Amino acid sequence: MLYNIKMRSSKGGPHEEGGKHISGAERILRKDEIEEELIRMYQRALNHEKGSVDFINIKIQKVNEEDIVYVPQLSIEEFDVKTKDDGLKLAKEILKESNVEDKAIENGINSLLKLQNSMHGAILIDKDNGNRLDNRESRGVRATGMGYADNFEYEKIDKIKAANDINEEDIPGIHFNEALVLASKVASCKGIIAELCWSDDPNYLTGYISTETTYNRISIMKDKGNPIGGRIFFVDTSLFDEEYSIENIIDYLEKQVVLIK
Ligand code: WAQ
Ligand code: MG
């Protein structure tokens, strides 16, 4: 039996009452793994570099085995750049190689650069003309329901944590692991051809461009201290028809349970 464990924390009240989002996390785990994870998520919510929280929501939800889709993990490429400008330039090149048109690349990157606040989820953009496709405004579309089929990757992280007595958020690899799982789910969605992301954690400068096959990590995508991050999912609308539309994509992102093998 598997369970989806989700945490979200905010400051100034719950998210739905206008509180500021501080952190969120989710894992899909076996029953015997849940108890420990609840404590970890609680500690993580409390100890975030973005500040103290006054609202924490932790949700546990059973996952039906028959609803699970298994997808491969993206392969990983790493790029070291010296400046944010070099990072963004490389990001544009990778997007272009992945068939995203110039206009959409420009709109995508600019819509993240001009955010006044971080969104809760991602912006969906038409990969040909750069138009925004979702109507979620400042909330965006949040991908949920993903995890590793086997949790050994997380266990590795836990060992590092125990050995070094550090906070979950400061663990080398936690951002990376969670982003890789998210990007692998997003890439498995029919119609999404690429994703662009950088963190909203002020001191986490690494971002990525993922394509249908590869997670391209770029060492610097934003200025140190910048608390605004975001995600863009680039969508190929040419395969839309009566049976398949943006609603199906949003449904898959928000609801389909996906485990990474
Ligand atoms: N679905 C859609 N968008 C999301 C989700 C989600 N589940 N979670 C976060 N976002 C959006 C939201 O706008 C956040 O402000 C933004 O992404 C950044 O989220 O070393 O830490 O959780 O290879 O801060 C990437 C590089 C780190 C990792 C990403 O994102 C690496 C990161 P954060
Ligand atoms: Mg963050």
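The values are calculated or read from the model by the stated rules, or taken from the named source; none is laboratory data. Source: prediction; values computed, not measured. As a convention, Cβ positions derive from the backbone with ideal geometry for all residues, glycine included, and neighbour counts pool all protein chains shown. The accessibility values were calculated without ligands, DNA or RNA, using every heavy atom of the protein model including side chains. Shrake-Rupley method; radii C 1.70, N 1.55, O 1.52, S 1.80 Å.
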Within the range 1-34, tally of residues that are touching a helix residue (DSSP H, G or I) at 6+ places or on another chain (Cβ under 8 Å), modelled with pLDDT of 90 or more, open to solvent by less than 20 Å² (accessible area, probe 1.4 Å) and among the hydroxyl-bearing types (Ser, Thr, Tyr): 1
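Of the residues LYS103, LYS114, LYS127, LYS89, only one is open to solvent by 70 Å² or more (accessible area, probe 1.4 Å) and within 24 Å of SER238 (Cβ to Cβ); which? Reasoning before the result, please.
Working: LYS114 fails: within 24 Å of SER238 (Cβ to Cβ); LYS127 fails: open to solvent by 70 Å² or more (accessible area, probe 1.4 Å); LYS89 fails: within 24 Å of SER238 (Cβ to Cβ).
Only one candidate qualifies: LYS103.
Among the residues of the range 236-254, write down those that are among the aliphatic types (A, V, I, L, M) and under 16 Å from GLU212 (Cα atoms).
First, pick out the residues of the range 236-254 that are among the aliphatic types (A, V, I, L, M): 239, 246, 249-250, 253.
Of everything in the range 236-254, those that are among the aliphatic types (A, V, I, L, M) and under 16 Å from GLU212 (Cα atoms) turn out to be LEU239, ILE249, LEU253.
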Which listed residue is surrounded by 13 or more Cβ atoms within 10 Å (Cβ to Cβ), farther than 19 Å from ILE192 by Cβ and out of contact with any His (no Cβ under 8 Å at 6 or more places or on another chain), from ILE94, ILE109, ILE58: ILE58
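Within the range 62-72, can you find the residues that are open to solvent by 70 Å² or more (accessible area, probe 1.4 Å) and closer than 30 Å to THR211 by Cα? Can you show your working first?
As a first pass, look at the range 62-72 and keep what is open to solvent by 70 Å² or more (accessible area, probe 1.4 Å): 62, 65-67, 70, 72.
Result: GLU65, GLU66, ASP67, TYR70, PRO72.
From the list GLU37, GLU77, pick out the single residue that is at pLDDT below 95, in contact with a Phe, Trp or Tyr (Cβ under 9 Å, 6 or more places away or on another chain) and surrounded by 11 or more Cβ atoms within 10 Å (Cβ to Cβ). Break it down stepwise before answering.
Numbers: GLU77 fails: at pLDDT below 95.
Residue meeting the stated conditions: GLU37.
Mind counting the residues in the range 180-190 that are in a helix (DSSP H, G or I) and either open to solvent by 10 Å² or more (accessible area, probe 1.4 Å) or away from ligand 2 (no atom under 16 Å from the Cβ) (or both)?
First pass over the range 180-190, keeping only residues in a helix (DSSP H, G or I): 180-187.
Going one step further and asking which of them are either open to solvent by 10 Å² or more (accessible area, probe 1.4 Å) or away from ligand 2 (no atom under 16 Å from the Cβ) (or both), we end up with 182, 184-187.
Counting residues in the range 180-190 that are in a helix (DSSP H, G or I) and either open to solvent by 10 Å² or more (accessible area, probe 1.4 Å) or away from ligand 2 (no atom under 16 Å from the Cβ) (or both) gives 5.
Quick one: which residue in VAL141, VAL69, VAL63 is at pLDDT 95 or above and within 16 Å of ligand 1 (Cβ to nearest atom)? It would help to see each step written out before you state the result.
Values: VAL69 fails: within 16 Å of ligand 1 (Cβ to nearest atom); VAL63 fails: within 16 Å of ligand 1 (Cβ to nearest atom).
Result of the check over VAL141, VAL69, VAL63: VAL141.
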Search result, residues across the range 40-55 that are touching a residue at least 40 places away in the same chain (Cβ under 8 Å) and open to solvent by 50 Å² or more (accessible area, probe 1.4 Å): GLN43, ASN47, GLU49, SER52, ASP54
Residue within the range 111-126 that is touching a residue at least 24 places away in the same chain (Cβ under 8 Å) and farther than 25 Å from HIS15 by Cβ present: yes
